[in-house]
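The values are calculated or read from the model by the stated rules, or taken from the named source; none is laboratory data. Remember, it's a predicted structure, so these values are computed and weren't measured experimentally. Here the Cβ positions follow ideal geometry from the backbone for every residue, glycine too, while neighbour counts run over all protein chains shown.
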Amino acid sequence: MTRHLPLSLAIVAAGFLVGRGVARALDLGNPPDAVSATTTVGLLPEPEEGAGQRHEDDDEREDPATAPPAAAVPPSEDASDEEDLGGAVTPAPAAPRKFEVGVDLKAALDSLRRDGRGLSALRGGRPQATTLQPELQSAAENLLRDYRVPAGAIVAMDPRTGQVLAAAGYSDDGSFGRELAVVPLAPAASIFKIVTGAALLEKGVAATTESCFSGGKRRVRERDLKKEGGPRCVSFSEAMAKSANIPFARMTRDHLQPTDLRRWASAFLFNRALPGGVPPSAARIPDVADMDFFRTGAGFGDVRLSALHGALLAATVANGGVMPAPVWFKDEPTANRRRVMDANTAATLGTMMERTVTEGTARRAFRERRRPALGDIRVAGKTGSLAEQAPFRDYSWFVGYAPADNPTVVVSTFVMNNAEWRIRASYVGREMLRAQLVKGHRVYRPVEDVAHR
């Protein structure tokens, strides 16, 4: 036994050093303090150039659908050549951004309360009946609170009318309230591919157009665009479903100019005032058709999005190309709609987004025990994910609607995690759609599970 003692001590020492290294690696910062008691919402500066990092979209690296999420899991790391983290990914603004949430909207969100069978909120100093549904609102708030996400937001909407069915915002440290549902805090990441996809379809790019490539999981490099062919070949439709970055960057290079993408971003209300006191979502489209522009088309650009705005994007596709205006109170008119794109373009985008759920980046999250989690109800969606450094923030997105053939509900959600996470956006989106559409479904609550042990 004495003979093995030095080896044992070496193993213990190595384990101690590795443990300390892991502890340091996980100590990567807290969510930003971004909401004050006023209507001004401040966003900390974005990371310096080269600090942004894209992950594979959502469920390509996890399977939360086979059982409810419980334990914290660190994000996977892959030091392969195709995921080299160097280079500029997210340009940094010169100063912190400030967002102004409308006074009336902020007051309504802060004053939301149960009133008989519905929810009321203050408007003009008096309580008024809202369009929010109590059960769905509770499901949204419980999902974010129970899993103790550092920050996150959920919006559910009826795409036919624009009526908001749920609006939740949360942060574990209390720095965010419900207003986070309307604040463009999170990078849009691959959700912006909806905008790029619409622009490409209107330019005549067929959904069957094929591209073969390699690389591009976490960044888009010039050499990846120049290299013809590769081990992976996907159609335009599959590229949307699987959120393939190199094909989107190439199609942006080959078919679009900055003026095209800027026009389509504006059509989807980026860089424009949103109705009802919702802060505008900024999309900085480069002026020159260079690598930064190609990356923007693939979802790597300097674009921010709110959960509410994400719901409007999905609602536009669900409505055959017509965007509704958000409606918060029952006595508000619901006829304020505007056409964004041709109905055929919207139908093609919708088919692509349905493939996201059946065979793409949201496939695992929308399956449970090897079966569709929503049964026969078809779902269309789009995922997105992006990680930023200093401090570390891991963002995941899901925007989508169901039933895909006759949409009655849209869900938009983002979740911001630290180096350890318990839940990501695709799972949240799935549970919100189930809560609304599957009769008798009750969203799993880990706090209740722990209480019964």
Per the filter on region 298-353, residues over 13 Å from Ala198 (Cα atoms), of a type in the set (Gly, Ala, Ser) and free of Cβ contacts under 8 Å to residues at least 40 places away in the same chain are Ala335
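Taking region 205-230, which residues are at positive phi and free of Cβ contacts under 8 Å to residues at least 40 places away in the same chain?
As a first pass, look at region 205-230 and keep what is at positive phi: 215-216, 229-230.
Gly229, Gly230 - these are the residues of region 205-230 that are at positive phi and free of Cβ contacts under 8 Å to residues at least 40 places away in the same chain.
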In region 120-137, is there at least one residue being part of a loop (DSSP other than H, G, I, E, B), within 21 Å of the chain's Cα centre (by Cα) and not hydrophobic (A, V, I, L, M, F, W, C)?
no
Restricting attention to strands (runs of 3 or more DSSP E) lying wholly within region 353-453, give those where 2 or more residues are more than 21 Å from Ala139 (Cα to Cα).
380-388, 393-402
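With the structure loaded, tell me whether Pro159 is in contact with a Pro (Cβ under 9 Å, 6 or more places away or on another chain) and modelled with pLDDT under 95 or whether it fails that test. Give the steps one after another, and end with the answer.
Values: in contact with a Pro (Cβ under 9 Å, 6 or more places away or on another chain): yes; modelled with pLDDT under 95: no.
Spelling it out, it is not the case that Pro159 is in contact with a Pro (Cβ under 9 Å, 6 or more places away or on another chain) and modelled with pLDDT under 95.
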Please go through region 396-453 and give me each residue that is among the polar types (S, T, N, Q), surrounded by fewer than 24 Cβ atoms within 10 Å (Cβ to Cβ) and at pLDDT below 95, ordered by number.
Asn418
Considering only residues that are more than 20 Å from Leu256 (Cα to Cα) and either modelled with pLDDT under 90 or among the small types (Gly, Ala, Ser) (or both), look in region 181-218 and name the one that is surrounded by the most Cβ atoms within 10 Å (Cβ to Cβ).
Ala186
Some residue of region 253-261 being surrounded by 16 or more Cβ atoms within 10 Å (Cβ to Cβ) and closer than 28 Å to Ser426 by Cα
yes
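Does region 289-297 contain at least one residue that is of a type in the set (Val, Ile, Thr) and either more than 29 Å from Asp224 (Cβ to Cβ) or in contact with a Ser or Thr (Cβ under 7 Å, 6 or more places away or on another chain) (or both)? If you could, list the steps in order and put the result at the bottom.
Of all residues in region 289-297, those of a type in the set (Val, Ile, Thr) come to 296.
Next, from what is left, pick out any that are either more than 29 Å from Asp224 (Cβ to Cβ) or in contact with a Ser or Thr (Cβ under 7 Å, 6 or more places away or on another chain) (or both): none.
Looking for residues that are of a type in the set (Val, Ile, Thr) and either more than 29 Å from Asp224 (Cβ to Cβ) or in contact with a Ser or Thr (Cβ under 7 Å, 6 or more places away or on another chain) (or both), one finds none in region 289-297, hence no.
For the structure I just gave you, tell me whether Gly320 is of a type in the set (Gly, Ala, Ser) and crowded, with 21+ Cβ neighbours inside 10 Å. Show your work before the answer.
On the way: of a type in the set (Gly, Ala, Ser): yes; crowded, with 21+ Cβ neighbours inside 10 Å: no.
Criteria not met by Gly320.
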In region 317-365, what count of residues is obtained for those that are within 18 Å of the chain's Cα centre (by Cα) and of a type in the set (Lys, Arg)?
3
Write out, first by first residue and then by second, each pair whose Cβ atoms fall under 7 Å of each other, whose residues are 6+ apart or on separate chains, and whose first residue, in region 430-445, is without any contact (Cβ under 8 Å) to a residue 40 or more places away in the chain and on the phi < 0 side of the Ramachandran plot while the second is hydrophobic (A, V, I, L, M, F, W, C) and crowded, with 21+ Cβ neighbours inside 10 Å.
His441/Ala435
